[in-house]
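The values are calculated or read from the model by the stated rules, or taken from the named source; none is laboratory data. Note that the coordinates shown come from a computational prediction; the quantities given were computed from them, not determined experimentally. Cβ: placed from backbone, ideal geometry, glycine included. Neighbour counts: every protein chain shown. Areas reflect the complete protein model, heavy atoms only, side chains present, ligands, DNA and RNA absent. Shrake-Rupley method; radii C 1.70, N 1.55, O 1.52, S 1.80 Å.
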Amino acid sequence: MRLLTVVYLLFFSTFTFANVPDIERATALEGDVNLSLYLVSEKLDGVRATWLQGRLITRGGKVIKPPTWFTLHWPQERLDGELFAGRGQFNIVTSTVLDNEPDESMWRKIRFMVFDAPSAQPFRERYRHYKDIIVDCDSPYLFAIEQRQLHTQDDLTSWLDDVVALGGEGLMLHLADASFTGGSDNNLIKLKPFMDAEAVVVGYQPGKGKYLGKMGALIVVNEQGLRFKIGTGFSDAERGNPPAIGSTITYSYHGLTRKGLPRFASFMHVRGVETLDPKD
């Protein structure tokens, strides 16, 4: 027992801990959301940290020890963000920021990418504020993560696909009018890369507006026997000449709803006539 105590003390004597900051934790996207209510940013693959009272602190409360020049001229107020060295460089970040003695050459590869400045103000106001103070402090290691206003599911799916193609993790949806609360709720939602599956075409939904006279959505049944619609991912030519009833198509999706239906299902391509057994 005494030996274990000595090992414990030796291990933790190399770490400095602060009070664990209250942070917002993202929930996974379930079902559709009204995108007009959210600002959307890329989900970065880094080490989450809080700049608080002149120190960088991990979500677990460990005090990070960067070189003094890294945080020079940073603002006094709290900022939440990710220590980030680029897409696919997570191992570089973790091996650098958790060192007790900073490796200055490695720290020059890292940026603190800010996604919030917690306060009672709505997130859209907090976004404007932290962009302004980051510009004012003029630090080469402090950046504001871009927040975009998206309006359609196609916009969301397209940006997610672009991010994933470049090696990114996914997207984050921030409820624009929400005050900072901490904990897990729908104020912050994560959307990660798509999966794909197959389904049989069993019908069509007529198009509206610019798609009047064309196919608006496919009605399909997947391998689990679930019926749903796919209304995105088609070219104008495919809407004019949609996949035949009975053909099998491949679609992408981003997880499942509580009812087990594919979320953000989007058409990819036709697989040909298969033998899935559609169920009513």
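Quick notes on this structure:
- Note on segment 79-134: with neighbouring protein chains present and a 1.4 Å probe, carbon and sulfur make up 48 percent of its accessible heavy-atom surface.
- Cβ-derived FRET efficiency at R0 45 Å, Ser95 paired with Asn241, nearest 0.05: 0.25
- Surrounding net charge for Asp185, when Lys and Arg each add one and Asp and Glu each subtract one, Cβ distance under 11 Å: 0
- Residues within the reach of a label modelled at Thr152 (point 7 angstrom out along Cα to beta-carbon, backbone nitrogen below 16 Å), restricted to segment 201-220, are 207-218.
- Taking all protein chains into account, the per residue accessible area for segment 120-227 stands at 51 Å² (1.4 Å probe).
- Couplings 3J(HN,Hα) of segment 149-159, computed from phi: 9, 9, 10, 10, 4, 4, 4, 5, 5, 5, 5 Hz, in residue order, whole Hz [Karplus 6.51 cos²θ - 1.76 cosθ + 1.60, θ = phi - 60°; x for Gly and Pro].
- DSSP bridge pairs, the chain: antiparallel proportion in percent, nearest 5: 90 percent
- Think of the chain as a dipole: +1 on every Lys or Arg Cβ, -1 on every Asp or Glu Cβ, centred on the Cα centre; then among Val270, Asn222, His254, Asn222 lies furthest on the positive end.
- Of the labelled figures [x] 182; [y] 125; [z] 139, only one reflects volume of the Cα convex hull per residue in Å³ as derived from the coordinates, namely [x].
- Considering helices alone, the calculated mean residue ellipticity of the chain at 222 nm is -5500 deg cm²/dmol, with DSSP H runs of length four and up weighted by -39500 (n - 2.57) and normalised per residue.
- Taking a point 7 Å from the Cα of Glu198 along the Cα-to-Cβ direction, the residues of segment 254-269 with backbone N closer than 15 Å to it are 268-269.
- Cα-based Lys pair tally, the chain, threshold under 20 Å, eight or more apart or on separate chains: 13
- Counting Lys and Arg as +1 and Asp and Glu as -1 over every other residue whose Cβ lies under 11 Å from the Cβ of Gly207, the net charge comes to +3.
- Amide H contacts under 5 Å for Glu24, placed H, 5+ residues apart: Gly182, Gly183
- Only the Cβ atoms of Lys and Arg (+1) and of Asp and Glu (-1) were treated as charged; on that basis the dipole of the chain about its Cα centre amounts to roughly 340 debye.
- Using the Karplus relation 6.51 cos²θ - 1.76 cosθ + 1.60 with θ = phi - 60°, the per-residue 3J(HN,Hα) values for segment 201-208 come to 6, 10, x, 10, 10, x, x, 10 Hz, with x marking Gly and Pro.
- The spacing between segment 34-110 and segment 159-191, judged by their C-alpha centroids, is 18 Å.
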